[in-house]
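**Student:** Below is one structure. I have some questions about it.
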Amino acid sequence: MKDYKQIIASKINAPLDNAEIVSLITETADDNFGDYAFPCFKLAKAMRMSPVAIAQKLAGEIALDNDIVKVEAVNGYLNFFINRQDFINDALYGVVSCGDSYGNDVIGKGKTICIDYSSVNICKSFHIGHLSTTALGSSLYKIFTALGYNVVGINHLGDYGTQFGKMIVAYKLWSNEQAVREHGVAELQRVYVKFHQEEAEHPELTDEARAWFVKVEQGDAEATKLFQMFKDVTLRDVQEIYDRLNVKFDSWNGESFYMDKMDEPLQMLRDKGLICESQGAQVVDLSDYNMPPFLLLKSDGSSLYATRDLAAAVWRKKEYDFDKCLYVVAYQQNLHFKQLFKVLELANLPWAKDMVHVAYGMVSLEDGAMSTRKGNVVLLRDVLNKAVAKSLETIVAKNPDLENKEKVAEQVGVGAVLFSALENSKIKDITFSYDRVLNFDGETAPYLQYTAARCNSILEKAGMSRYAKIAHDPRALDNIETLRLSKLIASFPQAVKDSALKYEPSIISGLLIDIAQAFNRFYIEHRVLSDNLSEQNARLTVVEATATVLKKGLALLGIETPAKM
Ligand code: ARG
């Protein structure tokens, strides 16, 4: 693809360096006023003229050629018209020739990114509160991979802490192997909830739980066996969800992995004089930074979530030598990560600046249901099943003859749920509505999948993949709908880079919606299949380029594109 900003900048004779000129050039919002604009306001001082006069003067000096075919001075702006036929041709054939690798890059070559995401807690079922971290983290994994980074996906399991002592007591009192085998995590959760109810009246349960947790820490055989069993049961349960969501991890090192790796970083902080005692506990004082103390060891010497995160950060740097370490965790933990990163900075670790908390908002269901401590959890499995069942209804109604309806319904239902977590700026709270996310005409994954499937069916009718290679008539592409669509398609590689830079897959999802809408406008205005073969070939390229970008973009969001719908 030609770099039009560069081409234009080289033609502007202004007292600014080239890089600054390039940075001032923008794409026009309205294509009636050209394709690119350069504002002259910044030049007024240096050139001692009004911006309007400057624009007029500079416009007269621009050398037109085959790339830049027209320039106009309007209200202090220079408006440039590019050779649109060439642009469209380059954009569309660029996509078609790249295929699935369109948007890939090598900017990440030699760099490593750790992404800590999903990070579920043992003995708890996978509920809707885990959707965002899982969808966002997995999408960022795919985006960074496409950009050439070496990515390490980490599921920092919540598999350590006093709650496992409680879990053991609860299990021994009220459950058994048979029940757990039958009901899985639901059974574990049942007795865990019961423990909390009973604990109020039987405080001795708390002491028992504490004793059992000490046994876990000391490696007692029975405690270890039970703890491992709880972990296996939970992992089996969540794996089923990860498989459906097509989410993968390179490491499952959770909190318990750091059990024997906390002393070293704690000693390092002590050696640097950062740890002080407060009511018997060991803390890092952060009052100079307007934050509460970072609690690292309780008065009884036991570690905390924070201690394990400190150890994990140090261990990951040693193990992976990352260039960035991301934590995809809800904004409720803003303070925790601010404290953690500050402590690393105070310890003079040069990589403290490479730690990023990728915070996101909350998900609640339309009817107000949200996961709470006591029961009332909305299981992600149930949400997926319901979304898939509803998709199946729509598919059966729309296309009763479709083969593999169940498989397509799974792709559509799961895709819709994933997309709901990736369509808005991640920090926004979202209210999940089945009707909205499954609307085939809305700004949804099913709409994108449906548009891609429509493209495929046009290509199939034409006898796929001949057109790009044989003669086509570029004049068939010289229209405003194709121009707008081509511009959006051409901006995809930059959108992929931006989404990585801002940790914001919604930049991709938003562009895909724009592309699908622009395609549907193109399709209303222009007949693709016709007797005029060279015209048809040209327009089939539009269709193929659209299908390619939609599929690739959806893949970066972790969403599959059914061939037919
Ligand atoms: N298990 C934690 C939770 O559910 C999230 C862990 C996030 N990762 C981390 N390194 N702190 O809240």
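The values are calculated or read from the model by the stated rules, or taken from the named source; none is laboratory data. In this text, all values refer to a predicted model and were calculated from it rather than measured experimentally. Don't worry about glycine lacking a Cβ; one is built from the backbone with ideal geometry, like all the others, and counts go over all protein chains shown. The protein model used for the area step is the full one, side chains on, heavy atoms only, and it has no ligands, DNA or RNA in it. Shrake-Rupley method; radii C 1.70, N 1.55, O 1.52, S 1.80 Å.
**Student:** Yes or no: Leu64 without any contact (Cβ under 8 Å) to a residue 12 or more places away in the chain, farther than 25 Å from Glu423 by Cβ and outside any helix (DSSP H, G or I)?
**Tutor:** It is true that Leu64 is without any contact (Cβ under 8 Å) to a residue 12 or more places away in the chain, farther than 25 Å from Glu423 by Cβ and outside any helix (DSSP H, G or I).
**Student:** Looking at (1) basic (Lys, Arg); (2) open to solvent by 90 Å² or more (accessible area, probe 1.4 Å); (3) closer than 28 Å to Gln494 by Cα, which is the one condition that is false for Lys11?
**Tutor:** Against the list (1) basic (Lys, Arg); (2) open to solvent by 90 Å² or more (accessible area, probe 1.4 Å); (3) closer than 28 Å to Gln494 by Cα, Lys11 comes up short only on (2).
**Student:** Is it the case that Met268 is in contact with a helix residue (DSSP H, G or I) (Cβ under 7 Å, 6 or more places away or on another chain), in contact (Cβ under 8 Å) with a residue 24 or more places away in the chain and open to solvent by less than 50 Å² (accessible area, probe 1.4 Å)?
**Tutor:** no
**Student:** Conditions: (1) in a helix (DSSP H, G or I); (2) open to solvent by 20 Å² or more (accessible area, probe 1.4 Å). Ala563 meets all but one. Number of the miss?
**Tutor:** That leaves (1) as the condition not met.
**Student:** Follow-up question, since we're still on this one. Please work out if Leu483 is of a type in the set (A, V, I, L, M), buried (at least 19 other Cβ atoms within 10 Å of the Cβ) and within 26 Å of Val328 (Cβ to Cβ).
**Tutor:** Numbers: of a type in the set (A, V, I, L, M): yes; buried (at least 19 other Cβ atoms within 10 Å of the Cβ): yes; within 26 Å of Val328 (Cβ to Cβ): no.
When the stated conditions are applied, Leu483 does not pass them.
**Student:** With the condition kept exactly as written, say whether any residue in the stretch 306-323 is among the small types (Gly, Ala, Ser) and open to solvent by 40 Å² or more (accessible area, probe 1.4 Å). Explain how you work it out, then say what you get.
**Tutor:** Just the residues of the stretch 306-323 that are among the small types (Gly, Ala, Ser), to begin with: 306, 311-313.
Right, trim to open to solvent by 40 Å² or more (accessible area, probe 1.4 Å) and you get none.
No, the conditions are met nowhere in the stretch 306-323.
**Student:** In the stretch 235-351, which helices (runs of 4 or more DSSP H) lie fully inside it and hold 1 or more residues that are under 17 Å from Asp159 (Cβ atoms) and either more than 14 Å from the ligand (Cβ to nearest atom) or at pLDDT 95 or above (or both)? Full working, then the answer.
**Tutor:** Values: elements: 263-271, 305-320, 334-346.
Once the helices (runs of 4 or more DSSP H) in the stretch 235-351 are filtered for at least 1 residues that are under 17 Å from Asp159 (Cβ atoms) and either more than 14 Å from the ligand (Cβ to nearest atom) or at pLDDT 95 or above (or both), what remains is 305-320.
**Student:** Also, quick follow-up: Can you tell me how many residues in the stretch 101-141 are under 19 Å from Pro505 (Cα atoms), of a type outside the set (Gly, Ala, Ser) and within 12 Å of the ligand (Cβ to nearest atom)?
**Tutor:** Matching residues across the stretch 101-141 total 7.
**Student:** Residue check: is Met362 open to solvent by 40 Å² or more (accessible area, probe 1.4 Å) and within 15 Å of the ligand (Cβ to nearest atom)?
**Tutor:** yes
**Student:** Now for a different question. Tell me the residue from Tyr450, Tyr503 that is modelled with pLDDT of 95 or more and on the phi > 0 side of the Ramachandran plot, please.
**Tutor:** Answer to the selection: Tyr503.
**Student:** If a residue counts only when it is touching a residue at least 24 places away in the same chain (Cβ under 8 Å), open to solvent by less than 40 Å² (accessible area, probe 1.4 Å) and within 30 Å of Ile427 (Cβ to Cβ), which helices (runs of 4 or more DSSP H) contained entirely in the stretch 122-222 have at least 3 such residues?
**Tutor:** Counting at least 3 such residues, we get 131-146.
**Student:** If you don't mind, there's one more thing I want to ask. Among the residues in the stretch 492-506, are any over 17 Å from the mean Cα position of the chain (by Cα) and in contact (Cβ under 8 Å) with a residue 24 or more places away in the chain? Walk me through how you get there before you give the answer.
**Tutor:** First, pick out the residues of the stretch 492-506 that are over 17 Å from the mean Cα position of the chain (by Cα): none.
The answer is no, given that none of the residues of the stretch 492-506 is over 17 Å from the mean Cα position of the chain (by Cα) and in contact (Cβ under 8 Å) with a residue 24 or more places away in the chain.
**Student:** Could you list all residues from the stretch 514-541 that are in contact (Cβ under 8 Å) with a residue 60 or more places away in the chain, open to solvent by less than 60 Å² (accessible area, probe 1.4 Å) and not in a helix (DSSP H, G or I)?
**Tutor:** Val528
**Student:** Out of Ala37, Ala73, Ala55, report the one residue that is at pLDDT 95 or above, within 26 Å of Leu16 (Cβ to Cβ), in a strand (DSSP E or B) and in contact with a Phe, Trp or Tyr (Cβ under 7 Å, 6 or more places away or on another chain).
**Tutor:** Numbers: Ala73 fails: in contact with a Phe, Trp or Tyr (Cβ under 7 Å, 6 or more places away or on another chain); Ala55 fails: in a strand (DSSP E or B).
When all the criteria are applied, what remains is Ala37.
**Student:** Further question on the same structure: Scan (1) more than 27 Å from Arg527 (Cβ to Cβ); (2) assigned to a helix (DSSP H, G or I); (3) hydrophobic (A, V, I, L, M, F, W, C) for the single condition Cys455 breaks and write down its number.
**Tutor:** Exception for Cys455: condition (1).
**Student:** Next question. Looking only at residues in the stretch 374-433 that are open to solvent by less than 40 Å² (accessible area, probe 1.4 Å), over 18 Å from the mean Cα position of the chain (by Cα) and among the β-branched types (Val, Ile, Thr), which one is farthest from Ser118 (Cα to Cα)?
**Tutor:** Selected residue: Ile395.
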